[in-house]
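The values are calculated or read from the model by the stated rules, or taken from the named source; none is laboratory data. Fair warning: this is a prediction, and the values are worked out from it, not measured in the lab. Every residue, glycine as well, gets a Cβ built from its backbone with ideal geometry; the counts of neighbours run over all protein chains shown.
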Amino acid sequence: MIKKFFIKKISFWLLSVAAFLFFVPTLDFAQDYGDAIVVASIADARNLIPILASDSASAEICGLLFNGLVKFDKDINLIGDLAESWEVRGDGLVIVFHLRKDVFWHDGHPFTARDVEFTYQKLIDPKVKTPYSGDFEQIRSLEVIDEYTVKVVYKEPFAPGLASWGMPIMPRHILEKEDLNTSRFSRNPIGLGPYRFKTWKSQEKIELVANPNYFEKKPYIERYIYRIIPDESTVFLELQAQGLDFVGLTPLQYKRQTDTPFFRKHFRKYRLSGTSFTYLGYNLNNPKFQDVRIRQALNYAVDKQEIVDMVLLGYGRVITGPYLADSWAYNKEVKPVPYDPKKAKELLRQAGVFNSNGDGWLEKDGKRFSFTIITNQGNEERLKVAQIIQRRLADIGIEVKIKVVEWSVFLTEYIDKRNFEAVLLGWSLPREPDNFDIWHSSKTDEGEFNFISYKNPEVDRLLEEARRTFDLEKRRQCYHRIHEIIYQQQPYMFLYSPDSLVALHNRFKGVEPAPIGITYNFINWWVPKRLQRYATIQP
Amino acid sequence: MRRIFGLVPLFLGITAISFLVVKLTPGKPVILQYALNPKVSLEQIRRLEKLEGLDQPLHIQYLNWLSNILRFNFGYSLADGRPVKEKILERLPITLGINLASLVLIILIAIPLGVKAALKAGGLFDNFTTVILFILFAAPSFWLALLLMQLFCIQLNLLPISGITSLDFEYFTLPQKIIDILRHLFLPVLVSALGGITGLSRYMRANMLEVLNQPYMLACRARGLPERVVIYKHALRNAILPIVTILGLSLPGLLGGSVIFESIFAIPGLGRLFFEAAMMRDINVIMAEVVLVSILTMLGNFLADIAYIYVDPRIRFNSKA
């Protein structure tokens, strides 16, 4: 009896040990260090000095080498990064940042408030070739209170200024005596982020290695290899040879070309919400588009879901306003109008646009109502969108012509000079929603970004108010109202926000998709030892 | 000697016209870099242009550039602020290496192929190579490259797809490193040589045929010379003359590189550097290329002329003539 009990007990123990051996590792109990992630970019980085980095490749690398004072969390809310906390004082005129005390540069030098001051001074130095000075010119003074406290005083309350402190901070002790425009630092940077710079072979690859002293924790993945492969077909071939681990896909690749047993075995695909949107903008100085009913009618006449289904194979979202669809600024109450050509014709008739001579095309004041959509060369997606709009508007009797123009001519001769009727273009959607430069009536001069010349006093007032208050609830109300007005006024026909589609090799564990994407917790990604593919210096 | 002096105004003309053409192309470098970025205002763009010296009148910009060039200063790239000389030098070895390797391959294959085809013109070998060569000549090189990649790298899994070294290169031993580079360069060299082989071997065949039909061939044979001597000493030497011109003209091509397969094979060569510079209106890099290519073209012609003297004793440059 006792013996039996004993055996039972033993076998129970054995079982639980077995269970422990077999199941626990799959519960991410022991994350392994090592391996590499190989990503590809069509263009090489240009400059790894963060305040001079203007291209997306440089920005991506700088993001792993450097940190800012603040960052966005997985739900697109602003949180501290190098700053432990901050206070907004004096009705928003003053921001005081309290910095982390446990941060060191890759060369071991401690990070302090002096580095923040130095970065600010370089940003506003007219001799430094930085394009990012705009947000920092709103600052009246920056004061170092002690080694770990910085006081920033603005000329007037400027809420987007807070997010602008996501600007990576540069090391004063290294760059103090250098001319940033020609410094060797641009190809040999020293940061304080999760990865350290290792090598850069022009047009070939950039390699980073994990920073064992990163203040959050050491990243599990040891090497970050950024390969430059300019040809899209080669990128896809490399993916098929498992030579790349993390690659963006086109809708066609996502839906069809990666729908094979090989891909299902070796890769996971993610469909993430988009960070840009495509629109049709009307030149509001043109009498054809000054009647709001005409713009609303055009909105009813075009089926946006059809565009998403045909051009993006369904991998996009119909949007109604100029904000990130998953962020707090986006007004979910504003619903897209249905596709309704009848309603469109009715609105046009009210606005005096109807068929008066029986030829099937609509006229206004006896002249045929027709206009030209311009878009830039080299973007097949936009051309297809333009053609669908052309077809749908022809259905209700509006003649549309399409003109495709080379990019630099497009910018300098058409956009900057306001020399267009309607333009098909996109904006990227920053995480900080302030879009003053695009919608405020003071930004309509040549070379400025309100090139459709939209002027609405209420929107102007709301944009200014949203800039002045740090109260998130108030800002939310402002942007929600702007969203509502702009959708009702239709200066743009809002079309869609394309999803970002990516393939990731399935040996990577710890990936958790969130509204902001999947790379936000990159330092938590890891690869089990037995699946690792690349050599590392680690034993 | 006189010819060498004649090259100076030619060089000035080439650079002045190129400078003007680049400047007249719409789109300014700074604007293209920060296009439609709401965070970059017009004032900032003007300020950046001023820092680059792009606000000066055209002729001043050209003269500034020229005076720098005469001191072998190619200036800085507008894209990343690095010296143009450095950017070119770091890519020169790989482009030069691939082009030389493919040139050697072309000569080694194309000349015997052309000669053999010409000797038995209309025969089975001639007809067979004609068909194959025309197919290869007509096939676009990027498409051929992709097919070869699909075959060798994915289906057979023999060769790496792109780049010039493996990602674990630094952990390899020396022989492994050499093999690794050779494996990476095999397809690019092959593909870049194919076009040249098809063209050159046809030239060679045509030239050879022409020479073989000359009366002196009959004379040679009549003198009882062995066939080998007739073909390789008398016929080949004459037939190869136009090939020397072609090789001379291909000298600038050695540095040109090709955007297409440098992109497909992800090779960091000069072709891509200059292509991207043209897209960015990165004037200093573009002009550096113009200088390089024009000097090489002039040099190539010059060398071809000189080579003629040695290959063909009838040609003599006489300063009195």
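Which one of these is in contact with a helix residue (DSSP H, G or I) (Cβ under 8 Å, 6 or more places away or on another chain) and part of a helix (DSSP H, G or I): B:L200, B:L182?
The unique qualifying residue is B:L200.
Tell me, which helices (runs of 4 or more DSSP H) lie completely within the stretch B:36-140 with 3 or more residues that are within 13 Å of chain A (Cβ to nearest Cβ)?
Numbers: elements: B:42-52, B:58-70, B:84-119, B:124-138.
Ranges flagged: B:42-52, B:84-119.
Go through the stretch A:45-56 and give me each residue that's closer than 28 Å to A:E512 by Cα, in contact with a Phe, Trp or Tyr (Cβ under 9 Å, 6 or more places away or on another chain) and either charged (D, E, K, R) or within 11 Å of another protein chain (Cβ to nearest Cβ) (or both).
A:A45
Quick one: would you say A:K127 is modelled with pLDDT under 90, within 23 Å of A:E176 (Cβ to Cβ) and either part of a helix (DSSP H, G or I) or out of contact with any Cys (no Cβ under 9 Å at 6 or more places or on another chain) (or both)?
yes
State yes or no: is B:I286 free of Cβ contacts under 8 Å to residues at least 24 places away in the same chain, more than 14 Å from chain A (Cβ to nearest Cβ) and not basic (K, R)? Don't jump to the end; show me each part of the working.
Details: free of Cβ contacts under 8 Å to residues at least 24 places away in the same chain: no; more than 14 Å from chain A (Cβ to nearest Cβ): yes; not basic (K, R): yes.
For B:I286, the condition - free of Cβ contacts under 8 Å to residues at least 24 places away in the same chain, more than 14 Å from chain A (Cβ to nearest Cβ) and not basic (K, R) - is not met.
Name the single residue that is farthest from A:R184 (Cα to Cα) among those in the stretch B:76-105 being crowded, with 17+ Cβ neighbours inside 10 Å and touching a Phe, Trp or Tyr at 6+ places or on another chain (Cβ under 7 Å).
Across the stretch B:76-105, the extreme among qualifying residues is B:V84.
Taking the options A:Q203, A:Q257, A:Q242, A:Q253, name whichever one is within 8 Å of another protein chain (Cβ to nearest Cβ) and of a type outside the set (G, A, S).
Sole residue among the options that is within 8 Å of another protein chain (Cβ to nearest Cβ) and of a type outside the set (G, A, S): A:Q203.
Out of the stretch A:410-426, which residues are surrounded by 15 or more Cβ atoms within 10 Å (Cβ to Cβ) and not in a strand (DSSP E or B)?
A:F410, A:L411, A:T412, A:E413, A:Y414, A:I415, A:D416, A:R418, A:F420, A:E421
In the set A:Q532, A:Q490, which member is in contact (Cβ under 8 Å) with a residue 12 or more places away in the chain, among the polar types (S, T, N, Q), buried (at least 18 other Cβ atoms within 10 Å of the Cβ) and within 28 Å of A:D309 (Cβ to Cβ)?
A:Q490
Just to be sure I understand, how many residues within the stretch A:174-197 are outside any loop (DSSP other than H, G, I, E, B) and either modelled with pLDDT of 95 or more or among the aliphatic types (A, V, I, L, M) (or both)?
Taking the stretch A:174-197 first, the residues outside any loop (DSSP other than H, G, I, E, B) are A:174-175, A:184-187, A:195-197.
So of that shortlist, the ones also either modelled with pLDDT of 95 or more or among the aliphatic types (A, V, I, L, M) (or both) come out as A:174-175, A:195-197.
The qualifying residues number 5.
Return a yes/no flag: does the stretch A:349-364 have any residue that is at pLDDT below 95, farther than 27 Å from A:I415 by Cβ and of a type in the set (K, R).
Yes: one or more hits.
Looking at the stretch B:155-189, which of its residues are under 20 Å from A:I228 (Cα atoms) and more than 29 Å from the chain's Cα centre (by Cα)?
The answer is B:D168, B:E170.
Give the residue that is modelled with the lowest pLDDT, with candidates limited to residues of the stretch A:275-315 that are crowded, with 17+ Cβ neighbours inside 10 Å and polar (S, T, N, Q).
In this case the residue turns out to be A:T275.
Collect the residues in the stretch B:160-180 that are surrounded by 15 or more Cβ atoms within 10 Å (Cβ to Cβ), under 22 Å from B:A145 (Cα atoms) and more than 9 Å from chain A (Cβ to nearest Cβ), keeping them in residue-number order.
Hits for the stretch B:160-180 are B:S166, B:D180.
Within the stretch A:232-258, work out how many residues are touching a residue at least 24 places away in the same chain (Cβ under 8 Å) and not aliphatic (A, V, I, L, M).
Within the stretch A:232-258, residues that are touching a residue at least 24 places away in the same chain (Cβ under 8 Å) and not aliphatic (A, V, I, L, M) number 13.
Under 6 Å by Cβ, and 6 or more places apart or on different chains, what pairs join a residue from the stretch A:171-199 that is more than 19 Å from A:L123 (Cβ to Cβ) with one that is surrounded by 14 or more Cβ atoms within 10 Å (Cβ to Cβ) and β-branched (V, I, T)?
If the second residue must be surrounded by 14 or more Cβ atoms within 10 Å (Cβ to Cβ) and β-branched (V, I, T), the pairs left are A:P194/A:I523; A:R196/A:V209; A:K198/A:V209.
Just for the stretch A:188-206: of the residues that are buried (at least 19 other Cβ atoms within 10 Å of the Cβ) and among the charged types (D, E, K, R), which one is nearest to A:P219 (Cα to Cα)?
The residue in question is A:R196.
Residue under question is A:E156, and the condition is that it be in contact (Cβ under 8 Å) with a residue 40 or more places away in the chain, farther than 14 Å from A:H106 by Cα, loosely packed, with under 15 Cβ neighbours inside 10 Å and not basic (K, R); does it hold?
Taking the combined requirement at face value, the residue satisfies it.
Name the residues in the stretch A:367-391 that are surrounded by fewer than 16 Cβ atoms within 10 Å (Cβ to Cβ) and within 19 Å of B:M279 (Cβ to Cβ), would you?
Of everything in the stretch A:367-391, those that are surrounded by fewer than 16 Cβ atoms within 10 Å (Cβ to Cβ) and within 19 Å of B:M279 (Cβ to Cβ) turn out to be A:Q377, A:G378, A:E380.
For (1) more than 14 Å from chain B (Cβ to nearest Cβ); (2) assigned to a helix (DSSP H, G or I); (3) within 24 Å of the chain's Cα centre (by Cα), each residue gets a yes or a no:
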position: A:D437; (1), (2), (3): no, yes, yes
position: A:D445; (1), (2), (3): no, no, no
position: A:N450; (1), (2), (3): no, no, yes
position: A:R461; (1), (2), (3): yes, yes, no
position: A:E464; (1), (2), (3): yes, yes, yes
position: A:R481; (1), (2), (3): yes, yes, yes
position: A:E484; (1), (2), (3): yes, yes, yes
position: A:S497; (1), (2), (3): yes, no, yes
position: A:L504; (1), (2), (3): yes, no, yes
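Exactly one of these conditions fails for B:S263: (1) within 14 Å of chain A (Cβ to nearest Cβ); (2) free of Cβ contacts under 8 Å to residues at least 12 places away in the same chain; (3) more than 16 Å from the chain's Cα centre (by Cα). Give me its number.
Among (1) within 14 Å of chain A (Cβ to nearest Cβ); (2) free of Cβ contacts under 8 Å to residues at least 12 places away in the same chain; (3) more than 16 Å from the chain's Cα centre (by Cα), the lone unmet condition for B:S263 is (3).
It is to be established whether one or more residues within the stretch B:210-222 are assigned to a loop (DSSP other than H, G, I, E, B) and more than 30 Å from A:Q240 (Cα to Cα).
Scanning the stretch B:210-222 turns up at least one residue that is assigned to a loop (DSSP other than H, G, I, E, B) and more than 30 Å from A:Q240 (Cα to Cα).
Considering only the stretch A:245-263, how many residues are within 17 Å of A:V511 (Cα to Cα) and of a type outside the set (F, W, Y)?
Residues flagged as within 17 Å of A:V511 (Cα to Cα) and of a type outside the set (F, W, Y) within the stretch A:245-263 amount to 3.
Give the residue, chosen from A:K343, A:K364, that is touching a Phe, Trp or Tyr at 6+ places or on another chain (Cβ under 6 Å), surrounded by 15 or more Cβ atoms within 10 Å (Cβ to Cβ) and of a type in the set (K, R).
A:K343
Can you name the number of the only condition in (1) surrounded by 14 or more Cβ atoms within 10 Å (Cβ to Cβ); (2) at pLDDT 85 or above that B:L108 fails?
Condition (1) is where B:L108 drops out.
Do you know which residues across the stretch A:392-401 are part of a strand (DSSP E or B) and either surrounded by fewer than 16 Cβ atoms within 10 Å (Cβ to Cβ) or modelled with pLDDT under 90 (or both)?
The answer is A:E399, A:K401.
Report, by residue number, each residue of the stretch A:214-248 that is touching a Lys or Arg at 6+ places or on another chain (Cβ under 8 Å), among the hydrophobic types (A, V, I, L, M, F, W, C), in a loop (DSSP other than H, G, I, E, B) and more than 22 Å from A:R271 (Cα to Cα).
A:F215
Residue check, A:G63 against (1) in contact (Cβ under 8 Å) with a residue 60 or more places away in the chain; (2) farther than 21 Å from A:N211 by Cβ, all met but one. Which one?
Evaluating A:G63 over (1) in contact (Cβ under 8 Å) with a residue 60 or more places away in the chain; (2) farther than 21 Å from A:N211 by Cβ leaves (2) as the failure.
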